[in-house]
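Comments concern the structure below.
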């Protein structure tokens, strides 16, 4: 896509841009918008036709559900058949923020892409996302604004490169967290982690106590109540190879040239912070840069096997699947 075409699709997130975006959403179209995690592709959660457009643009399988973004806790409660005490406690502490809660879905809300009785919901912290939700007056179903299985977008430019047919992208600058929200399932007796993400487990346990960790990746077509559970996800066009030490890899069977993604203390084409939060914030942008540079293979230095790195390890393992 040419630079001129980008400028036609990317719109400033001022009052005029927000008004235009809200008009598109109320008319049953889709709009990409920034959140503090990644850019989302939003549509009216009550319109099955509009939600279907998300799936069409992303080439996303319909068994993969979507997260619904709302403006406040009251709006989240209105979409739930049951709102457990744990949801109230977590929402009070972490919303707006990068936490998604899975609860029983209210009967008046259509299934958001998957045939189950749950809904995944969150209140985003980005001011543009919150203002768009307010101006549009709609709950917005919104997965990441990129082709299915691809690298999530953390800038408006990433969106239009991946989805050239998107009607509009509200530009809110680079996303601060740079990695998707943490998803907790609250439909059982003990909260269950479905997707590790920007919000760490330690602070969540401080609020709700023990949390069950996720099991194996879901198979294609398998019922699920959260996005981000497929074996392959978040992947660049390049082949991703995870390795304990990039210096010891036999490159004879790898397509050259080879890029190296590492963290401070090791050598590489892209060097990210040794802090897990800072690494996560830059990970997708780094993968976009290496993909744009045309590298056919990316060697990735495995991060430490500690809980603080759980979300990063999850994304890299799925990208390398």
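The set of residues in segment 258-302 that are out of contact with any strand residue (DSSP E or B) (no Cβ under 7 Å at 6 or more places or on another chain), within 18 Å of residue 179 (Cβ to Cβ) and part of a loop (DSSP other than H, G, I, E, B) contains only 275. Within segment 203-235, the residues that satisfy the criterion of being modelled with pLDDT under 70 and at positive phi are 221, 228. Residue pairs whose Cβ atoms lie under 8 Å apart, separated by 6 or more positions or on different chains, with the first residue in segment 44-61 and on the phi > 0 side of the Ramachandran plot and the second assigned to a loop (DSSP other than H, G, I, E, B), are 59/147; 59/148. List pairs: first residue in segment 242-256 and over 24 Å from residue 312 (Cα atoms), second residue outside any strand (DSSP E or B) and modelled with pLDDT of 85 or more anywhere in the structure, Cβ distance under 6 angstrom, at least six positions apart or on different chains. Pairs found: 255/296.
Would segment 117-133 turn up any residue that is at pLDDT below 95 and either surrounded by fewer than 20 Cβ atoms within 10 Å (Cβ to Cβ) or touching a helix residue (DSSP H, G or I) at 6+ places or on another chain (Cβ under 6 Å) (or both)? Yes: one or more hits. Just one of (1) free of Cβ contacts under 8 Å to residues at least 40 places away in the same chain; (2) not in a strand (DSSP E or B) trips up residue 165, so point out which. So the condition that residue 165 fails would be (1). Of the helices (runs of 4 or more DSSP H) lying entirely inside segment 41-117, those carrying at least 3 residues that are over 18 Å from the mean Cα position of the chain (by Cα) and under 26 Å from residue 277 (Cβ atoms) are 85-94.
Hey, any hits in segment 32-47 for a residue that's modelled with pLDDT of 95 or more, out of contact with any strand residue (DSSP E or B) (no Cβ under 8 Å at 6 or more places or on another chain) and closer than 20 Å to residue 182 by Cβ? For segment 32-47, residues modelled with pLDDT of 95 or more, out of contact with any strand residue (DSSP E or B) (no Cβ under 8 Å at 6 or more places or on another chain) and closer than 20 Å to residue 182 by Cβ: present.
The values are calculated or read from the model by the stated rules, or taken from the named source; none is laboratory data. For clarity, every value in this text was computed on a predicted model and none was experimentally measured. Note that each Cβ is placed from the backbone with ideal geometry, even for glycine, and that neighbours are counted across all protein chains shown.
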